[in-house]
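The values are calculated or read from the model by the stated rules, or taken from the named source; none is laboratory data. Values in this document were obtained by computation on a predicted structure and should not be read as measured data. Note that we place each Cβ from the backbone using ideal geometry, even for glycine, and neighbour counts take in every protein chain shown.
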Amino acid sequence: AQSVTQLGSHVSVSEGALVLLRCNYSSSVPPYLFWYVQYPNQGLQLLLKYTSAATLVKGINGFEAEFKKSETSFHLTKPSAHMSDAAEYFCAVTTGAGGTSYGKLTFGQGTILTVHP
Amino acid sequence: SQTIHQWPATLVQPVGSPLSLECTVEGTSNPNLYWYRQAAGRGLQLLFYSVGIGQISSEVPQNLSASRPQDRQFILSSKKLLLSDSGFYLCAWGRDFITGELFFGEGSRLTVL
């Protein structure tokens with residue numbers, strides 16, 4: 001079984017400040033991990049993904065995430081927040097090929113990011 | 001390039017009425033297709049997935065059903081809606097089972113009154 005926990009349902013930062021959104025996962029096999037972003041009343045857009053290559057993953061819009069197996073974490077960061085980053089962010093995990101995962105993603109509860117001027 | 005379309009975008013239905021949400025994918029063949037529901041404050045819940053025409057797997061027991069009449073068409077249905085069916089429904093497609101990456105439609109917001 002696999003699960004994802006996102007710490008903090010709401011995060012608020014000032015424009016230009018560091019963004020840190022936390023994600024911890026649980027998986028019995030090596031995971032594939034994702035961060036998605038959702039703007040109001042829209043679908044989800046992939047920010048970045050970890051698929052067992054480099055542990056530091058760079059994504060779109062200046063975001064990056066680091067896979068830390070020892071901490072079972074995949075936190076999302078951005079050095080300087082922009083007003084346009086305000087959205088809801090979801091961490092997701094799948095066990096990928098093998099077993100019966102069929103590419104099904106398990107999502108965290110989401111973190112709403114607010115950016116203040 | 002691949003695109004995914006969902007309709008209707010917004011729907012308000014009375015309790016007990018039927019439902020049909022449609023999703024189509026263009027620019028790819030034999031995609032894996034998924035229906036997720038997003039309820040306020042509850043993240044995304046996988047409802048159904050399909051690996052081929054006529055092949056539907058249900059993840060949770062519920063009042064809804066899904067069908068895949070064509071390779072790139074995925075339909076979510078209900079015969080009689082419940083209040084608890086309200087939510088934001090997202091269709092997604094995936095290339096394969098290896099990476100698990102999904103591409104989402106714009107969503108359909110259903111309000112049951």
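Computed values, structure above
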| item | result |
| --- | --- |
| Residue in segment B:52-60 that is surrounded by 13 or more Cβ atoms within 10 Å (Cβ to Cβ), aliphatic (A, V, I, L, M) and out of contact with any Ser or Thr (no Cβ under 8 Å at 6 or more places or on another chain) present | yes |
| So B:L47, is it at pLDDT 90 or above, closer than 19 Å to A:Q2 by Cβ and buried (at least 17 other Cβ atoms within 10 Å of the Cβ) | yes |
| Condition met for B:V12 (modelled with pLDDT of 95 or more, more than 10 Å from the chain's Cα centre (by Cα) and outside any helix (DSSP H, G or I)) | yes |
| Residue match in segment B:12-20 (condition: more than 17 Å from A:L105 (Cα to Cα), surrounded by fewer than 18 Cβ atoms within 10 Å (Cβ to Cβ), in contact (Cβ under 8 Å) with a residue 40 or more places away in the chain and within 13 Å of chain A (Cβ to nearest Cβ)) | no |
| Any hit, segment A:98-111, residues being more than 10 Å from every other protein chain (Cβ to nearest Cβ) and within 25 Å of B:A92 (Cα to Cα) | yes |
| Conditions (1) under 10 Å from the mean Cα position of the chain (by Cα); (2) within 14 Å of chain B (Cβ to nearest Cβ); (3) farther than 23 Å from B:Q2 by Cβ: number failed by A:Y36 | (3) |
| Test: residue in segment A:91-109 that is under 14 Å from the mean Cα position of the chain (by Cα), over 24 Å from B:I4 (Cα atoms) and aliphatic (A, V, I, L, M) | no |
| Residue satisfying all of: in segment B:24-42; facing chain A (nearest Cβ under 10 Å) and within 10 Å of the chain's Cα centre (by Cα); nearest to B:F88 (Cα to Cα) among these | B:Y36 |
| Lone qualifier among A:S27, A:S70 - being among the hydroxyl-bearing types (S, T, Y), over 18 Å from A:T114 (Cα atoms) and buried (at least 17 other Cβ atoms within 10 Å of the Cβ) | A:S27 |
| Residue that is under 26 Å from A:T94 (Cα atoms), facing chain A (nearest Cβ under 10 Å) and polar (S, T, N, Q), where the choices are B:Q55, B:Q73, B:Q62, B:Q45 | B:Q45 |
| Residues located in segment B:76-113, provided they are of a type in the set (S, T, Y), touching a residue at least 24 places away in the same chain (Cβ under 8 Å) and within 14 Å of chain A (Cβ to nearest Cβ) | B:Y89, B:S108, B:T111 |
| Criterion: more than 9 Å from chain B (Cβ to nearest Cβ) and crowded, with 21+ Cβ neighbours inside 10 Å - qualifying residue of A:L21, A:L48 | A:L21 |
